[in-house]
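Since the structure comes first, as structure tokens, the remarks are kept for the end.
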């Protein structure tokens, strides 16, 4: 297929190969993969640099701990989606608005993991799998506001790196002030910043340390949401607290 990047396909092939053996040397990887030893070496060196494989003292390679971490993260995310969905459904039934679950991976973007559509507005505001800059949405800001300080500062450094556009130190200072306000008011809001006429209120889902694992939000027509803000925020926090309690108890 023309849309397959061969180097990536080869790297994934190395991981598949190492999943079948405890460890292999460069020559063995080259032979099993049908590539030159120099190619096998570069593939393994790249994977080792990124912690996907581990190189022993005798220059043999095995799967790295980063794969275990990613696998565990994938399972956790699947579990949190199934755990949170009933609460999104209940909020949707109660408020008649679109509800959604957002997860932040610690990078620049948050991902829409789940949603239950409302009936009061054009529901194109979010789609499952969509990714947004974390500070650009109410749900993303709810997670950032309740993340630990190290994670927030890492986010600001990534913003200023230019990867997602031009952001200055002053821009990050303004964002940080908004996050402090969110912690004081205990609710995040985008107030038509993304879609004219539509607003989202969001709160974090907290772990046992008080830091955010994810967030849930309610989106709808601005006038209706602001009119019922207190009720919406109360229901969001009630759902969030129940979800947090379930996660902490390991249910």
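The values are calculated or read from the model by the stated rules, or taken from the named source; none is laboratory data. Just so it is clear, the structure is predicted and the values come from calculations on it, not from any experiment. Glycine also receives a Cβ, built like all others from the backbone with ideal geometry; neighbour counts cover every protein chain displayed.
Residue-by-condition table, conditions (1) free of Cβ contacts under 8 Å to residues at least 60 places away in the same chain; (2) assigned to a helix (DSSP H, G or I); (3) under 24 Å from the mean Cα position of the chain (by Cα); (4) within 30 Å of residue 228 (Cα to Cα):
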site: 41; (1), (2), (3), (4): yes, yes, no, no
site: 44; (1), (2), (3), (4): yes, yes, no, no
site: 54; (1), (2), (3), (4): yes, no, no, no
site: 59; (1), (2), (3), (4): yes, no, no, no
site: 68; (1), (2), (3), (4): yes, yes, yes, no
site: 91; (1), (2), (3), (4): no, yes, yes, yes
Report task. Would you tally the residues in the stretch 1-39 being more than 23 Å from residue 68 (Cα to Cα) and in contact (Cβ under 8 Å) with a residue 24 or more places away in the chain? Result -> 2
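Given the residues 215, 219, 188, which is the only one that is within 16 Å of residue 97 (Cβ to Cβ), modelled with pLDDT under 95, touching a strand residue (DSSP E or B) at 6+ places or on another chain (Cβ under 7 Å) and in the same structural domain as residue 84 (by TED's automatic domain parsing)?
Of the residues listed, the single one that is within 16 Å of residue 97 (Cβ to Cβ), modelled with pLDDT under 95, touching a strand residue (DSSP E or B) at 6+ places or on another chain (Cβ under 7 Å) and in the same structural domain as residue 84 (by TED's automatic domain parsing) is 219.
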Query - Residue selected from the stretch 146-186 under the condition over 19 Å from the mean Cα position of the chain (by Cα) and under 17 Å from residue 213 (Cα atoms), by the criterion surrounded by the most Cβ atoms within 10 Å (Cβ to Cβ) - result: 182
Requested in this report: Kindly provide the set of residues from the stretch 210-230 that are in contact (Cβ under 8 Å) with a residue 12 or more places away in the chain and surrounded by fewer than 13 Cβ atoms within 10 Å (Cβ to Cβ), ordered by number.
Outcome: 210
